[in-house]
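Written out below as structure tokens is the structure these notes cover.
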Amino acid sequence: MTKNFNEVLRAMEEKERRVKDAETAEDYVMELSDTQRIKVLSPGRLVAKRFFRNKLAILGSVILIIMFIFSFFIPLLYPYGQTEIFYKYDSLVVNYAQANERTDYQSYVVDENIDVHFTIRNRMTSYITEMETTGLKDLPVSGSDGSSYIIRKLGESVYSLDSGAEIEVAHFSGMTEVSSYNTRIKAFLHVSPVGEEFEASFLSAIESNAESFEADGEKYNVVSVAKNAYSALQLSTGKMIFPGTDPGSGFTDAFLEGIETNSFEYNDISYKISYDEDGYRITFSGEASTVLVFSLFVFDAFESGSSIREDYKPLALLSMYTDGEFELDGDSFSVEKRDDGYVVLRGESPVASLSTFVVRRYTGGDTLSMDFKKATEKAILEAEESGQKTAVFSFPLPRMDMDGNFLVDEKGELTAVDTEITATFKVGTWELTCEQITHLIDIYAPPSREHIFGTDADGFDILARMMYGGRVSLMVGFVVVILEVILGVIMGGIAGYFAGWVDTVIMRLVDVFYCIPTYPILIILGAFFDGVKMGSYMRLIWMMVVMGILGWAPVARLVRGQILSLREQEFMTAAESTGISSRRKIFRHLIPNVMPQLIVSATMGLGSVIIMESTLSFLGLGVKHPLATWGTMINSITSSNENLIRYAYIWIPVGLLICLTVIAFNFVGDGLRDAFDPKMKQ
Amino acid sequence: MIRFLTKRILMSIMILFFVMFIVYVIMYSLPSSYVETTARQLAKAPGAQKSAAEWIEDLNARYGMDKGIFLGYFTWLKNAVQGNFGDSWFWTVSCTQKFNDVIWYSFALAFVAFVLEIIIAVPLGVIAAKKQYSGIDYSVTVIALIGMSLPTFFVATLLKMIFSVQLGWLDISGIQGRYYLQLSDWGKFVDLLKHFIMPALTLVIISIGPLMRYTRTNTLEVLNADYIRTARAKGLPEKRVISHHAFRNTLIPLVTILGASLPGLFGGALITETLFAIPGIGFTSFHAMINGDIPFTMFYLAFSSVLVLAGNLMADILYAVVDPRVRVN
């Protein structure tokens, strides 16, 4: 009697349910022959059980899990990124200001309408030096264009340049020689006949060294023509030549009148007469107009930071040695001499002080307070008197907090704290230095609460970079190994399955790849990437690809060996008899059986890939800045011997991270091998 | 045997041919900036007669870079077979001469490390196997694994910090001390040895693990063999069992693997030599490689490929020599 298939199934299910009910029942008693008595573990669970019995393997797994959390999850919670630069405010000795005694004269423009010739301007310093050494009050100078000026000393350190002092109005020449006299042979030589009176007047004029004499109602001029020889020129025969306009009739008469006194007045204008070889020069000695004022004095504004109007500077300088009063735009100013120098006042309030001692910010700006300048001057003068090259004084400077902000009190005014300022004399200048809070990149910060491992040479947080470095190392390891396994399984699978000439070709290729030295190729590529200045991410990708291509040979050899032995086994004969395709045979039946060995070799391979990556990075040929890797982090520290000790707390932990990761992979690989194949463990 | 060897040698030559071809293709494909840099330098030199472009052409012609990959490779191969590897661009002497100058430093360093490794690793491996699952066994396993996991540069940096910077006993790098030239011959030798201490130590630390594990595994295999049981059964003292019966058989695979690594002693330690500035073949090639010195790089790669193949061949031969059972087949 045959049951149909459905009935059989139903019966089986019924039986199973009964057994199950019986098992769960309280009074179920197991029999000796019961199959349930022997607990059968699936192969996977068996492997897991063996694996977890191995203490080293457990340790390795724990380290790996921690390392993964450290590299992939903690960065998500950690506040800092791998390329975040940290700054700090630190008290640093800064160049605060510089001070020096002025030695070069500065010019202030009084009259913008007159252009002073550059030759005068250029020689101004030497003219002033000349005047200082000779003690001259006035120095007439003329430029190469013929313009003439007078430099006047107005007072200590103030000189003015006046133009228009002498302008030639006319030239008087063409006088006829009447007679000459030689004092050595005491004889006259008359050109035209003269009388007794003339000779007597001529002689007395020569003796008294007069320039002119009168005889017979005519005026004569005495000129020394040669040594011991004088001649008398008849003035009335001369002609007045005007380079410009003729001032009017009677000018010549007035000139002749005043020739004795070297000056005359005509139409209320006084003229000056001077003699040169060609005759008389008549010059206009009108009001001299000041063009420029030269001074050593600099103006220091009383209110720090306020600028001083340029246009009252020359006026102040001009008036400081006279009554000191001047007006500008309706404001009346006065210059007052006080104990510590001159002060410019607007009405009653002081505006600026004049001094030859300059104190400026190191950047050149005049933003220092008057009190600071006075204090500096006092300290430096004291130091100079005692012949010292450094002066230390203390002055209340605006206070800053550790964040570099100025501190203000309740009224909103800056608070000051006494700061020690050191002035040092260097090459003609006193440099003022003091400690100030400055904003700078926080490099090589020691470990602190914010940065547990401190910061590195770029101001990056080291702990953050350790995490991101771990990410790169683990990622490189996995990508390379996966690439190796894929390539190796495909090549090894094909070789092992098809055998024959395919096998031969692939295995020779494996031999070739075995033989290619990995490190040199990677070093060459690293140098090449450096040469073409490839970006950090691109070279990371290229490095992984190349490492994968260079590393597939051992995997292929392993897979091929396994498949060669597996394909002779019964289950393959069975698979063959079902007539499935070659691809399915390889990838569904053969490869899964190679998996244990593959997993073991891949795990062990991960460690060596990580070592290779970090070595290349250490040599500067792997992953590059700004991407963080463990190798580069160590390299950046160990470039100098001093840092080797000082920053041991950075590079040793990083190195230990590499070691721990690799050791963990090796432990796990070892444990897996023992678990998969207990026969191999001895 | 001779037929087998001939076959292996021919195979090795064929592999070498293809390895060098791949390497040549890589070197050829790199837009080598070195030729251009050299050309530019030459063109800028005082009294230069050619422009940079002409120099590039000239240099390319001189180094066979203008003939296309295949012809260029065969040109290189023809010269290489005749022992003519060209002049190193970076070291400015012929490759073979530079090789002769530096190879013995590499060999000395590798040999010292090799001997130390054997002296330390083999006894430890045997002891670990003898006392399986003991404390010693675990320590050996763990130490071996740690050694395998340490990156060379980390060990080297640690050693430098301890011995050079902190203790000041050894120079941080290089092969000669500061007063080398004033020393006597014996002093010079001692100086040289002192400079080998840290590199050799580094090599030993990072490469001792595999040998230790290999010794242990093989000794365990031998200890489980029937003839050991027989030896014990006939009442031999344990010491004799280990040293006579077990150890000799352990030596079979050991000698094979050690012999196979003998050619590698000439290969130089690329990383270690570079880190300690030992002027061996590794250091020399490292600088040639990062400076785009194609002739010397090709020479070094060819040389190291030959060494790998020679190692494989050596392993085959030694296996036959040491184990008579192989010869029968």
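The values are calculated or read from the model by the stated rules, or taken from the named source; none is laboratory data. Since we're looking at a predicted model, the values are computed, not measured. Ideal geometry is used to build each Cβ from the backbone, glycine not excepted, and the neighbour counts take in all protein chains shown. Accessible surface areas use protein heavy atoms only, side chains included; no ligands, DNA or RNA. Shrake-Rupley method; radii C 1.70, N 1.55, O 1.52, S 1.80 Å.
Brief remarks on what is shown
- Qualifying residue in segment B:180-196 (condition: in contact with a Phe, Trp or Tyr (Cβ under 7 Å, 6 or more places away or on another chain) and touching a residue at least 24 places away in the same chain (Cβ under 8 Å)): no
- Tallying residues that are open to solvent by 60 Å² or more (accessible area, probe 1.4 Å) and either closer than 15 Å to A:Leu368 by Cα or charged (D, E, K, R) (or both) within segment A:87-97 yields 1.
- Checking each residue in segment A:312-354 for being exposed (fewer than 15 other Cβ atoms within 10 Å of the Cβ) and outside any strand (DSSP E or B) picks out A:Thr322, A:Asp323, A:Asp329, A:Gly330, A:Asp339, A:Asp340, A:Gly347, A:Glu348.
- Cβ-Cβ under 8 Å pairs, at least 6 apart or on other chains, segment A:1-20 side modelled with pLDDT under 80, far side surrounded by 10 or more Cβ atoms within 10 Å (Cβ to Cβ) and assigned to a helix (DSSP H, G or I): A:Lys3/A:Ala11
- Top-ranked residue in segment B:199-213 [being within 13 Å of chain A (Cβ to nearest Cβ) and open to solvent by 10 Å² or more (accessible area, probe 1.4 Å); ranked as nearest to B:Phe247 (Cα to Cα)]: B:Arg213
- Pair list, Cβ under 9 Å, 6 or more apart: segment A:466-478 residue open to solvent by less than 10 Å² (accessible area, probe 1.4 Å), other residue among the charged types (D, E, K, R): A:Ser473/A:Glu613; A:Val476/A:Glu613; A:Gly477/A:Glu613
- Restricted to helices (runs of 4 or more DSSP H) entirely inside segment B:239-329, those with at least 3 residues that are open to solvent by 20 Å² or more (accessible area, probe 1.4 Å) and within 13 Å of chain A (Cβ to nearest Cβ) are B:281-290, B:294-322.
- If only residues of segment A:643-659 that are open to solvent by 10 Å² or more (accessible area, probe 1.4 Å) and facing chain B (nearest Cβ under 8 Å) are counted, the one that is farthest from A:Arg53 (Cα to Cα) is A:Ile645.
- Applying the set (1) crowded, with 17+ Cβ neighbours inside 10 Å; (2) modelled with pLDDT of 70 or more; (3) more than 12 Å from chain A (Cβ to nearest Cβ) to B:Val23 leaves exactly one unmet item: (3).
- Screening the candidates A:Ser332, A:Ser369, A:Ser349 for the property of being among the small types (Gly, Ala, Ser) and within 40 Å of the chain's Cα centre (by Cα) yields one hit, A:Ser369.
- Counted residues, segment B:174-191 - those being within 14 Å of another protein chain (Cβ to nearest Cβ) and open to solvent by 50 Å² or more (accessible area, probe 1.4 Å): 0
- Residues of segment A:623-642 satisfying the condition of being at the interface with chain B (Cβ under 9 Å from one of its Cβ atoms), of a type outside the set (D, E, K, R) and open to solvent by 30 Å² or more (accessible area, probe 1.4 Å): A:Asn635, A:Asn641
- Residue in segment A:271-307 that is surrounded by the most Cβ atoms within 10 Å (Cβ to Cβ), counting only those that are at pLDDT 70 or above and among the aliphatic types (A, V, I, L, M): A:Ile282
For (1) within 14 Å of chain B (Cβ to nearest Cβ); (2) hydroxyl-bearing (Ser, Thr, Tyr), each residue gets a yes or a no:
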{"site": "A:Val546", "(1), (2)": "yes, no"}
{"site": "A:Ser577", "(1), (2)": "no, yes"}
{"site": "A:Ile586", "(1), (2)": "no, no"}
{"site": "A:His589", "(1), (2)": "no, no"}
{"site": "A:Gly620", "(1), (2)": "yes, no"}
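- Test: A:Leu64 is at pLDDT below 85 and either in a helix (DSSP H, G or I) or in contact with a Pro (Cβ under 8 Å, 6 or more places away or on another chain) (or both): no
- When A:Tyr497, A:Tyr537 are checked against the criterion of being crowded, with 16+ Cβ neighbours inside 10 Å, away from every other protein chain (no Cβ under 14 Å) and part of a helix (DSSP H, G or I), A:Tyr497 stands alone in meeting it.
- Failed item, numbered, when A:Asn593 is tested on (1) surrounded by 15 or more Cβ atoms within 10 Å (Cβ to Cβ); (2) more than 38 Å from the chain's Cα centre (by Cα); (3) not in a helix (DSSP H, G or I): (3)
- Spans of strands (runs of 3 or more DSSP E) in segment A:154-218 with at least 2 residues of a type in the set (S, T, N, Q) and within 30 Å of A:Thr322 (Cβ to Cβ): A:158-163
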